[in-house]
Amino acid sequence: MDYEFLKIERQGAVTILLISAPKSLNALNSAVLGEMEHFVSHLDKDTRVLIITGDGEKAFVAGADIAQMAHLDPQQGEEFGRLGARVFRAIETLPIPVIAAVNGFALGGGCELAMACDIRIASVKAKFGQPEVGLGIIPGFSGTYRLPKLIGQGYAKEMIYTGKIIRADEALRVGLVNAIYEPEELMPKALEMAQAMLSKAPCAIALAKQSISDGYDLNADEAIALENRLFGQCFATRDQKEGMDAFLTKRKPDFHGE
Ligand code: CO8
């Protein structure tokens, strides 16, 4: 499918998804979200790491599209929120690592998109925030759920109640991003991280992701039981046989994600 608002680049087993709606700083309307939903559900099986970034120098994603939201009624608002939440959840539950390379404004739905990714790295020029209350709405693409989990309730509530916009160094300090880089270094660093993941066993990464993500909301006994079960599943994979044989025979493993 040809996309109007998405650009897709391939670098080996790494796919780079650029959100590209330049007239509105890559704001997410239902057309952009619809394309994202299609892209995620048709992501080819050869992709082993997905990097999401914003097209252009200024914005990752400047939020949900305010012009589209302005005239929604309560039911339409709920439906729009559901659409975004569904797309972001599909990204979050992909069985591969997803890295957000936050190149500029990540506001509202943009910050929420970054939070649905496994890992966030950012340009020093990036800015983050949940400014929704200034528009008379609340974060609607799962931000009230994910932000407190990532940075704790106290600071999440401060950000959401004040709508304040924080700089990249503050996002790093509070743990919203893993690292910040000069703008020109952002994509090379994202690709470097992706390469490190590509050298490891895809099955193991997928199971680790499932254990971390699904285990997070369980109690300790349930989370540990889940890990036990997924750990056991590793031994049903060829990747495990290959990884351990390679170690014992002192050679580099050749993983196939099987
Ligand atoms: N929606 C629609 N258009 C946008 C958005 C947006 N979120 N952000 C920017 N634009 C447009 C501007 O209107 C402008 O268009 P035009 O050139 O036609 O006037 C163009 O992009 C460029 O923007 P600016 O001229 O404003 O650029 P500045 O450099 O002056 O400012 C900012 C950049 C600070 C990013 C500014 O554009 C801004 O504040 N944008 C809005 C940020 C925001 O409030 N985002 C949160 C939106 S709400 C949200 O995301 C809720 C998610 C959950 C939804 C649940 C559904 C029910």
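Which of rounded, prolate, oblate describes segment 202-248, given a ≥ b ≥ c as roots of the alpha-carbon gyration tensor eigenvalues and a/c under 1.5 marking rounded, otherwise prolate only if a/b is larger than b/c? It comes out prolate by the Cα gyration axes. With Cα atoms as the point set, segment 26-143 shows a radius of gyration and Dmax of 13.7, 43 Å. On the beta carbon distance between residue 23 and residue 173, with R0 = 35 Å, the FRET formula returns roughly 0.60.
For the chain, the membrane-span-like helices by this rule, meaning whole DSSP H stretches whose C-alpha atoms cover at least 20 Å of axis and whose Kyte-Doolittle mean is 0.0 or above, are 183-198, 220-234; this says nothing about an actual membrane. Under the simplified labelling scheme, the residue 7-residue 162 pair shows an inter-label distance of 3.6 nm, with each label point 7 Å from Cα along Cα→Cβ. Roughly how far apart, in whole Å, are the Cα centres of segment 97-168 and segment 212-242? Cα centroid of segment 97-168 versus Cα centroid of segment 212-242: 29 Å apart. Computed over the chain, relative contact order equals 15 percent, with contacts defined as Cα pairs under 8 Å that lie 6+ residues apart. Highest GNM mean-square fluctuation among 88, 235, 39, for the chain modelled with Cα contacts below 10 Å: 235. Comparing 115, 193, 36 in a Gaussian network model of the chain, where Cα atoms under 10 Å apart are tied by springs, the biggest mean-square fluctuation is seen for 193. Using the Cβ of residue 72 as centre and a radius below 14 Å, the other residues enclosed give a net charge of -4, where K and R count +1 and D and E count -1. A cut-off under 15 angstrom between Cβ atoms defines the neighbours of residue 228, and their net charge, with Lys, Arg +1 and Asp, Glu -1, is -3.
Near residue 184: Cβ cut-off under 12 Å, other residues only, Lys/Arg at +1 and Asp/Glu at -1. The net charge is -1. The residues of the chain expose on average 52 square angstrom of accessible surface per residue, using a 1.4 Å probe on protein heavy atoms. Placing a label point 7 Å from the Cα of residue 214 along the Cα-to-Cβ direction, the residues of segment 62-99 with a backbone N closer than 14 Å are 93-96. Against the compact-protein benchmark of 2.2 N^0.38 Å, the Cα-based radius of gyration of the chain scales to 1.04. In summary, the lysines within cross-link reach of residue 200, defined as a Cα separation below 26 angstrom excluding same-chain residues under 8 places away, comprise 45, 189, 209, 241, 250, 252. Of 236, 85, 168, which has the largest mean-square fluctuation in a 10 Å C-alpha GNM of the chain? The residue with the greatest mean-square fluctuation here is 236.
The values are calculated or read from the model by the stated rules, or taken from the named source; none is laboratory data. Keep in mind it's a predicted model, so treat the numbers as computed, not measured. Note: ideal-geometry Cβ built from the backbone for every residue, glycine included; neighbour counts use all protein chains shown. Note: areas computed on protein heavy atoms with side chains; ligands, DNA, RNA excluded. Shrake-Rupley method; radii C 1.70, N 1.55, O 1.52, S 1.80 Å.
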